[in-house]
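Here's the structure, in structure tokens; my notes come after.
Any read-out appearing in this document is the output of simple, stated calculations on the displayed coordinates, not a laboratory observation. Model, not experiment: these values are computed from the prediction. Glycine gets a Cβ as well: all are built from the backbone with ideal geometry, and neighbour counts include every protein chain shown.
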Amino acid sequence: MTDRYDFKSIESKWQQRWEQEKSYKVSEDPDREKYYVLEMFPYPSGRIHMGHVRNYSIGDVIARYKRMRGYNVIHPMGWDAFGLPAENAAMKRGIHPAAWTYDNIDYMRSQLKAMGLSYDWDREIATCNPKYYRWEQFIFLQMLEKGLVYRKETTVNWCSDCKTVLAREQVIDGACWRCDQQVVPKTMHGWFFKITDYAEELLQDLDKLTGWPEKVVTMQRNWIGKSQGLACDFQVEDSKEKVTIFTTRPDTIYGVTFMSLAVEHPLIEQLIKGRKQEKEVRAFIEKTLLEKQRAAADHEPDKHGIFTGSYCINPYNGERVPIYVANFVLMEYGTGAVMAVPAHDQRDFEFAVKYNLPIRPVVQPQETELVAETMEAAFEQPGVLIDSGRFTGMESAEAKQRIIDHATAKGFGKALITYRLRDWGISRQRYWGAPIPVIYCEKCGIQPVPEEQLPVVLPGADSPDGAHAPLHQQVDFYTTTCPKCGGAARRETDTMDTFVESSWYFARYTSPRNDQAPLDPRAAAYWLPVDQYIGGVEHAILHLLYSRFFTRVLRDLGYLEIDEPFTNLLTQGMVIKDGAKMSKSKGNVVDPSDLIERYGADTTRLFSLFAAPPERDLEWNAQGVDGSSRFLNRVYRLIHQHLDCFNDSTNCDFTALDTVNSQLYRKTHQTIARVTDSIESNFHFNTAISAVMELINLISTLSADDTKSNLEPAVVKEALEITIQLLYPMVPHFCGEMWEITGHDTALDHRPWPEVNTEAAREEEITIVIQVNGKVRSRLQAPADIDSRQIEEMALSDERTTQFLQGKKPKKVIVVKGKLVNIVV
RNA sequence: GCGAGAGUGGCGGAACUGGUAGACGCACUGGAUUUAGGAUCCAGCGCACCGAGUGCAUGGGGGUUCAACUCCCCCCUCUCGCACCA
């Protein structure tokens, strides 16, 4: 035997075996309870990085653990394969995006296989495959039919150099992230998913997500951003027009002293026409629009505004209210018009101070009295109404309701709920995405591509030198005939946002080769929802919200029976090095392949699990990897040292062990308990590994030469067998091999997880801590079942303790059974 | 600004419903063995004092308690998310 295990041959041996035997292929089995564990699928960027290693190691431990627990575990993997980087790489290297993508997939698949991950590779999907996006197009059409998709014109960020729409994240200081060209707003048509139809349900059901991190739930709640309030019409003076405002504070409506409109508000034109302010206001609007375009995301511009020359009437008190245009009012939210109450809204307060507008308190706090002249900030809390007509004297909460009721009764307003959530714009002017399956006919208008003509295939993707220009430049692609009238027509040339693919892939995994429907409802009903989903917190909003939306859409289309796709969510921390996230630009990247080459997959996995609990950031430490490697070699040597125990057939009475043997027996069962608990409660594999290390340390200590003869082979054998079983989900090749060389012929995947013998795990003797005035002064050994009176007696007669008492009489003695005694003097 | 989370040795991190702070690992120090080792084994390792020992220690300051990393109040720092949402 050598003193280090040969990870190379062991790992390739087991990987081959798993592959040949299809060890992790699963199918529906109504007699067994299923468990669906899923890691967010990767974008095939070229090589896997440490974040992937961490993500998939965590998932694989859970998959293997649950398998040992007897579950029918589905653990699939695939590729989020559409996206802009493929097009960029293609441009740069003169190859086709499809070729680049599929090459990357092949390489990364081999990297994942080298990690020994227990996937059912027969379920592998790549979203750029027409067999996948065909069904995405199908779902799109079903949604279109149901009115969940619509086309509208909006303003987008356009880069004139790259000739494409940019996502908001791709606009840096007003310029394109790639070519640095100034981004311009452009009005164009696009397709939208009506996610806002589900806003309320998506919000309400967040309460059901008890298996999600609070943080993610909160982020989604804020993102949906529900506000309840009053929509109320203010009649424009000397005009037929009305300004409709939205407020969440109807209780402050008697404190309105002016009105603010967004610069884009459609009414402005009429308000200023022919007035002396006309020119000035136009100039202001133009300037503000420019400013908005340029505004960096990280600072708020100062508040500016300008009087339009018009007034409107507060329907509650009949007062004339001057109408302003202000740069801080958003057209996209509410109604684009805000009633300004400087006394109770900080922005309005600042604006009023700047432009010398009146401040009128109408809600009084409990303790103090607000006086307009001395206010230094708005009072934004609820309180009791004053100077508010018939509502004076009411509490804010009641007043809100009464004021809304009043508006409803009089017909100039109503209760309104608004959401921050916008409909999801999915049109992209890029090549490498799923084509949107509609046809434009001059005569018949927008026509869905007939189902039997799906998929609308991306042209050129099947040959390496095929065309990959944006579809609107590919005449052969967009020239078609109308499915209705047969006349000349034009295909939609936009492709879908890549987030669409990832919004339902987890469901497709349940019947990945189905060519009759997007999903097999029976398979979906068996496997879904995903029991444990694992991925980076950067997807907390978009991907996870879209998936929740799609799940409901697929439910309403009759494919799914569930509301929520992911029962439990684990958001893993980043892998960092030298205090920063690993990135090429920082030059602190560790390539997982180098590690696997040098230390093996098991060591790499073990370290990524041991260095930090999953939800925290993991600081990469090269020496820490050595430590993990050392540990495995230590286990390896220890097993070899005790190989004879596995052949020993001496009878052993586990109920009558001597001190040394019962110590090991006890520790073994305590370790099972600790490891099981660490995994079950919060997936803190770091403490699970620590526990096994302690067990190994004990076996080492006890098997040092002078005491070895005392150890019972059966006790050592049990300890080592359990070590191997407990470590198996984390370091599967190593443990598979150890299991085999210790004479077992059933694969560990089919061995049940070890059971704790609670009797054996119980300590016989415990350490009782003696405190004097709360400070530890002494420790005593006592039998575990000692009662409080006896402990107290022992403590008071303890020599060290009496020294500290210096003859003083105890005022009080607190005894915590099995733990400590505190003597107060 | 708002929201969420986190501050524990030289480092990563332990500590159950308040009850021995620092498990486990890394680094470091001393020793053994070795031709050699980035191998292995033994011992030490929060800080202060020469020390058995004692005192001080979980971001800072108060408080509750016999007892606080843990509970309460105030403050500081860091990370992440949202960012004029009416």
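Points worth noting:
- When only alpha carbons of the stretch A:729-825 are considered, Rg and Dmax amount to 22.9, 67 Å.
- Each residue of the stretch A:36-47 was assigned a 3J(HN,Hα) from its phi angle through the Karplus expression (A = 6.51, B = -1.76, C = 1.60, θ = phi - 60°), giving 10, 10, 9, 9, 4, 6, x, 7, x, 7, x, 9 Hz with x at Gly and Pro.
- Förster radius 60 Å - calculated FRET efficiency between A:Ser227 and A:Asp626 (Cβ-Cβ, nearest 0.05): 0.65
- Loop-located GluC sites (Glu not before Pro) in the stretch A:512-618 (DSSP state not H, G, I, E or B) with no more than 16 neighbouring Cβ atoms inside 10 Å: A:Glu561, A:Glu615.
- Residues with amide H under 5 Å from that of A:Asp345, placed H, sequence gap 5 or more: A:Phe379
- Mean separation of Cα contacts under 8 Å, 6 or more apart, over the residue count of chain A: relative contact order %: 14
- Taking amide H positions as modeled 1.01 Å from N, with prolines and chain starts lacking one, the residues under 5 Å from A:Ile770 and 5 or more places away or on another chain are A:Arg777, A:Ser778, A:Arg779, A:Leu780, A:Val821.
- Here the Kirkwood formula, the inverse mean of 1/r across different C-alpha pairs, assigns the stretch A:491-616 a hydrodynamic radius of 17.5 Å.
- Inter-label distance, nm, simple model (7 Å from Cα along the C-beta direction), A:Ser110/A:Asp591: 1.3
- Taking 0.36 nm per residue of separation and subtracting the current Cα-Cα distance, fully stretching the chain between A:Thr392 and A:Arg637 would add 79.8 nm.
- Around the amide H of A:Ala340, modelled in the peptide plane, lie the amide H atoms of A:Thr257, A:Phe258, A:Met259, A:Ser260, all under 5 Å away and 5 or more residues distant in sequence or on another chain.
- Per-residue 3J(HN,Hα) values for the stretch A:737-742, derived from phi via the Karplus relation 6.51 cos²θ - 1.76 cosθ + 1.60 with θ = phi - 60°, read 5, 5, 4, 6, 6, 8 Hz in sequence order (x marks Gly and Pro).
- Taking the empirical scaling 2.2 N^0.38 Å for compact globular proteins as reference, the stretch A:589-696 has a Cα radius of gyration ratio of 1.31.
- DSSP-loop trypsin sites (Lys or Arg not before Pro) across the stretch A:2-88, with at most 13 other Cβ within 10 angstrom: A:Arg4, A:Lys22, A:Lys25, A:Arg32
- Compared with the dominant principal axis of the Cα atoms in chain A, helix A:685-702 is inclined by about 10°.
- Each residue of the stretch A:474-490 is assigned a 3J(HN,Hα), and the resulting list reads 9, 4, 4, 6, 7, 6, 8, 10, 6, x, 8, 9, x, x, 4, 8, 10 Hz, derived from the Karplus form 6.51 cos²θ - 1.76 cosθ + 1.60 (θ = phi - 60°), x at Gly and Pro.
- Taking label points 7 Å from Cα along the Cα-to-Cβ direction, A:Asp462 and A:Val813 give a separation of 9.0 nm.
- Placing one equal scatterer on every Cα of the stretch A:432-491 and applying the Debye formula, the log10 ratio I(q)/I(0) at q = 0.14, 0.20, 0.26, 0.27 Å⁻¹ is -0.40, -0.76, -1.12, -1.17.
- Summed over qualifying helices (DSSP H, 4 residues or more, each -39500 (n - 2.57)) and divided by its residue number, chain A shows a 222 nm mean residue ellipticity of -11500 deg cm²/dmol.
- Rounded tilt (10° steps) of A:601-610 against the dominant C-alpha axis of chain A: 70
- From the alpha carbon centroid of the stretch A:5-58 to that of the stretch A:348-383 is 62 Å.
- Exceeding the 30 Å Cα-Cα cut-off - candidates A:Lys131/A:Lys484; A:Lys8/A:Lys584; A:Lys13/A:Lys717; A:Lys66/A:Lys819; A:Lys152/A:Lys414: A:Lys66/A:Lys819
- Sparsely packed trypsin sites (Lys or Arg not before Pro) within the stretch A:486-583, loop by DSSP, other Cβ within 10 Å at most 14: A:Arg513
- A:Tyr355 versus A:Thr187: modelled label distance in nm, points set 7 Å from Cα along the beta carbon direction: 2.6
- Convex hull volume per residue for the stretch A:293-408, taking Cα atoms only, in Å³: 141
- For A:Thr248 and A:Glu332, the FRET efficiency from 1/(1 + (r/R0)^6), where r spans their Cβ atoms and R0 equals 25 Å, is about 0.90.
- Interatomic Cα distance distribution for chain A, bins of 20 angstrom, percent: 12, 33, 31, 19, 5, 0
- With 0.36 nm allotted per residue and the present C-alpha distance subtracted, the A:Ala673-A:Glu376 stretch has 100.9 nm of extension available.
- Rg [Å, one decimal], Dmax [Å, integer] - the stretch A:223-341, C-alpha atoms: 14.4, 42
- Euclidean distance between Cα centres, the stretch A:777-822 to the stretch A:317-344, Å: 72
- Measuring against 18 Å, Cα to Cα, the residue pairs A:Lys146/A:Lys194; A:Lys775/A:Lys812; A:Lys92/A:Lys581 contain A:Lys92/A:Lys581 as the ones spanning a longer distance.
- Scattering curve values for the stretch A:360-456, log₁₀ I(q)/I(0), Debye with Cα scatterers, q = 0.15, 0.22, 0.24 Å⁻¹: -0.77, -1.16, -1.21
- Chain A: angle of helix A:278-294 to the longest principal axis, Cα-based, in degrees nearest 10: 20
- Within a straight-line Cα-Cα reach of under 17 Å, A:Lys279 can be paired with the following aspartates and glutamates, leaving aside sequence neighbours fewer than 8 residues apart in one chain: A:Glu264, A:Glu269.
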